[in-house]
Amino acid sequence: MTSPAETTTSEDIAGADGKLKRKITGPLLFLFILGDVLGAGIYALMGVLSEDVGGALWAPLLTALFLALLTAGSYAELVTKYPKAGGAAVFAERAYRQPMVSFLVGFCMLAAGVTSAAGLALAFAGDYLATFVDIPTIPAAIGFLALVAGLNARGISESVKSNVVMTVIELSGLLIVVVAVSVMVGRGGGDVGRITQFPDGATPALAILGGAIVAYYSFVGFETSANVAEEIRNPSKVYPRALFGALITAGVVYAMVGVASATALSSRELAESSGPLLSVVAASGVGIPDWLFSAIALVAVANGALLTMIMASRLTYGMAEHGLLPSVLGKVLSQRRTPWVAIVVTTAVAALLTMAGDLSTLAETVVLLLLFVFISTNVAVLVLRRHTVEHQHFRVWTAVPVLGVASCVLLLTQQTAKVWLFAAIMVAVGALLYLLARRARRRIDQHA
């Protein structure tokens, strides 16, 4: 899929003006990306996937992995070519030189983050939380978001090393599912034949494609890794290996969890549970306490939501500081130095989304928003081929970003009208805020 990664030294890339220390090694980057990709989506989406593909849960997961690898190839080239903190919005700015385009790319990232947090809040408030306390889903989701906002306002920041701990916890929960069902099958339980069964009347290819839209949500976390490029040692060699290795590892684990889930429970039983993996572990009869697995799942969901909201609030703050959003969003607490207005606004929007959409719709909306981001990045690779840099960097085959754009367009065509409406409203609000911010900036410049 890719040409061999070329090597260079960090000094060659960092330049004299490098402000961030390159402390992230290959293994740490691999775990960082794996933690972001594993996240919490897989803990909640297995039931949603079963509605589309029945017991063939592994099929859309592997399809989504292949589609994600295409766009990951473009990120590998751009991150190693421009190893500075940033991401898709920075690539768009370099490639298109159009402020409105780079703004919309950044805002789609922001909207996707807030929407993802809303989905994670619903996942947190489902059956996993019900193991410990019985609270209605919506009030519990909103209360959870308020708690996350409070932690965010105190100045929560996760280092790469702490992310290793969270990744181990998230991964352990998924491996528990696989091992528990393996023991179940060894005892003569479960039904392995379900893993090839599709819903009655479904066309397998279309069912898999429809499921891949939801499954794609479980892979999109790799984009965050572009924001730590400035802190990676020897990024031209390390980044591609860590990126592709983490995605493939996550895909293999996801497929194993999909096979285990379908073996343990029918698609109807999975679809009826808001904590499907908890139901799978319980059905295995291995004797793992519900509270233990629920605690692992809640940690995964809570960590994912916290990191997502930290990203969303900081991105909102940064865009306000650059005049791309209203300046009020740039206000910070005097002592904590955290962007309190941005935190309040992003939390309020996420809370509204928990009341307006279900988990499936929110997940598909996140994917829709990020597909536009990924299209921008895939095209940017081709546009920036005209620009050369002094250091050696990874170069993806030209066909890969072309296929990446095609795959994103294909997934866009499968989205429902409701999801398009959700995303369109968010982008329209973003465009309006951008125009208001520009108008306010002009007034300030005129009176300066």
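Rule-based calculations on the coordinates, nothing more; no lab input. Not measured: the values here are computed from a predicted model. Cβ sites come from the backbone with ideal geometry, for glycine too, and all protein chains shown count toward neighbours.
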For the range 282-346, alpha-carbon Rg over 2.2 N^0.38 Å: 1.72
Protection proxy ranking, peptides 134-141, 279-286, 122-129, average beta carbon neighbours within 10 Å, highest first: 122-129, 279-286, 134-141
In degrees, nearest ten, helix 417-447 long axis to first principal axis of the chain (Cα): 20 degrees
Cα-based Rg / Dmax (Å) for the range 31-162: 18.2, 52
Cα-derived Rg to Rh of the range 91-205, Kirkwood definition: 1.10
Three-way shape call for the range 192-265 based on the alpha-carbon gyration tensor, with the a/c threshold at 1.5: prolate
Computed over the range 27-99, Cα set: Rg, Dmax in Å: 16.3, 47
Furthest towards positive pole of dipole, V253, N234, L31, structure part the chain, Cβ charges: N234
Computed magnitude of the charge dipole of the chain (debye, nearest 20; Cβ of K, R +1, Cβ of D, E -1): 1620 debye
Using alpha-carbon coordinates, inclination of helix 137-153 to the longest axis of the chain, degrees: 40 degrees
Cα-based helix-to-principal-axis angle, 99-124 vs the chain, degrees rounded to 10: 30 degrees
Pairs of Lys in the chain closer than 29 Å at Cα, counting only those 8 or more apart or on different chains: 20
Value of Rg to Rh for the chain (Rh from inverse mean 1/r over Cα pairs, i.e. Kirkwood): 0.97
5 Å-binned pair-distance histogram of the range 216-363 (Cα, whole percent): 1, 7, 11, 14, 16, 15, 13, 11, 7, 4, 1, 0
The range 336-448: proportion of alpha-carbon pairs further apart than 25 angstrom, %: 49 percent
About the Cα centre, charge dipole magnitude for the range 169-238 (Lys/Arg +1, Asp/Glu -1 at Cβ), debye: 260 debye
